[in-house]
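Read the structure below first, then the notes.
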There are 2 protein chains.
Amino acid sequence: MRRITVLLVAVATLVGVVVFAAITSRNVTAQEATPIFVTEVPAGYRDWRVVSVTHEEGGLNDIRAVLGNDIAIKAYRAGKLPFPEGAIVGRIAWSYVPSEENNKAFGHPQSFVAGPPTDAYLQFMVKDSKKYAATGGWGYSSFDKDAKPSPEAGVKSCFPCHEAVKDRDFIFTRYTP
Amino acid sequence: MRRITVLLVAVATLVGVVVFAAITSRNVTAQEATPIFVTEVPAGYRDWRVVSVTHEEGGLNDIRAVLGNDIAIKAYRAGKLPFPEGAIVGRIAWSYVPSEENNKAFGHPQSFVAGPPTDAYLQFMVKDSKKYAATGGWGYSSFDKDAKPSPEAGVKSCFPCHEAVKDRDFIFTRYTP
């Protein structure tokens, strides 16, 4: 009886260990396979060229410039999809504020300018089809004015929305000449 | 009697000619001294860096990117006034249009993007203190989407408005980092 007990315990332990290892390794693999955002602000982004400009009302209440690195701008101007590896499309979002000074010059209220940075001040999509395969080939990122990454839950919500323009390689903003 | 008449006529004619020449030359000099706008779109402007972004309501109804050439951007970032010779600050004005596609993605109407070029699509201020002394050291210009200069009357109205920010070297737009 004793030997069987010992054997059963040993087997159970072994099974337990194997199962635990399997679960743990799967989680690790899953995390490695789906890094959905980058944690560093791309160097020199503020010097990139303009793709276009946008204003978001409502909760966001921002005015934004969408910029592209050289690879992105070249692709935009060529009108070629998908974007090549290494393309980065970034967007700076400032608060949307009325300009009293401009309104005075114009003679009536009409002018809205870029104010202080918003919470999700800088956002970038980085093209790397292998690394970011789980999110359509783009790594999503978001930072505040101190280059601190935005809360993960928010960043994880980027890709599901961008799937709406999957046929334009997940990029909403069109280049305006 | 005859000699005096001839003399008087000669003198009168001479005076007339001198006066005419004086008037004519003064007009020409005046025009040369106050060229208030440039007639060519600066090369490569679309690749310049962003100063900031703005939205104008009312009659203009545009959304705009203000760009600067290297000299202008360098001065902006150094926070130094006046702008150096050769600085050029330009602004691209697109129509301000709602984006149905973005609104669908966001789940409610809030998104406004850059549409087709406006009439006064491109405007530039070029710094040359000697050439444009009459207009505060800046040459004003305006062009439509075909690079055709805007009507002169409109361009002549630029400087009087910009005088409101004479203490910022006549530039309204502030650099937003």
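Read the figures in this text as sums done on the coordinates, not as results from a lab. All values derive from a computational prediction rather than experimental measurement. Every residue, glycine among them, receives a Cβ derived from its backbone with ideal geometry; neighbour counts consider all protein chains shown.
Legend: mean number of C-beta atoms from other chains within 10 angstrom of residue C-beta atoms, peptide A:105-113, equals 6.
Position B:ALA43: other-copy label points at 3.0 nm, ordered by increasing distance, label point 7 Å along Cα→C-beta. Considering only A:ASN61, A:ASN102, A:ASN69, the mean-square fluctuation computed in a Gaussian network model of chain A, springs between alpha carbons under 10 angstrom, is largest for A:ASN102.
Here the calculated FRET efficiency for B:SER157 and A:GLU85, from their Cβ-Cβ distance with R0 = 41 Å, stands at 0.25, rounded to the nearest 0.05.
Please get the size of the charge dipole for the range B:54-134, origin at its Cα centre, with Cβ charges of +1 on Lys and Arg and -1 on Asp and Glu, quoted in debye to the nearest 20. Walk me through the numbers before you get to the answer.
Working: 9 positive and 9 negative charges, 106 e Å.
The calculation lands at about 520 debye.
Comparing B:THR54, B:THR39, B:THR13 in a Gaussian network model of chain B where C-alpha atoms under 10 Å apart are linked, the largest mean-square fluctuation is found at B:THR13. Quick one: angle between helix A:2-33 and the longest Cα principal axis of chain A, in degrees between 0 and 90, rounded to 10, please. Helix A:2-33 sits at roughly 20 degrees to that axis. Across all C-alpha atoms in chain B, the radius of gyration and Dmax reach 24.0, 100 Å.
Peptide A:51-63 shows a mean partner chain C-beta count of 6 within 10 Å per residue C-beta. Between copies, the label points of B:LYS148, set 7 Å from Cα on the Cα→Cβ line, lie 5.4 nm apart, reported in increasing order to one decimal in nanometres.
Given Cβ point charges of +1 (Lys, Arg) and -1 (Asp, Glu) and nothing else, what value in debye, to the nearest 20, does the dipole of chain B about its Cα centre take?
Working: 20 positive and 18 negative charges, 164 e Å.
I would put it at about 780 debye.
Under Stokes-Einstein, with the Kirkwood radius over Cα pairs as Rh, the value for the protein assembly as shown at 37 °C and 0.692 mPa s is 136 µm²/s.
What's the Cα-based Rg to Rh of the range B:96-177, Rh via Kirkwood?
Details: Rg = 17.4 Å, Rh = 15.3 Å.
Rg divided by Rh gives 1.14.
Quickly estimate the mean residue ellipticity at 222 nm for the protein assembly as shown, helices only: each DSSP H run with n ≥ 4 gives -39500 (n - 2.57), and the total goes over all residues, rounded to 500. Each step should come with its number before you reach the end.
Numbers: 10 runs with 116 residues, N = 354.
My calculation for the protein assembly as shown gives -10000 deg cm²/dmol from helical runs alone.
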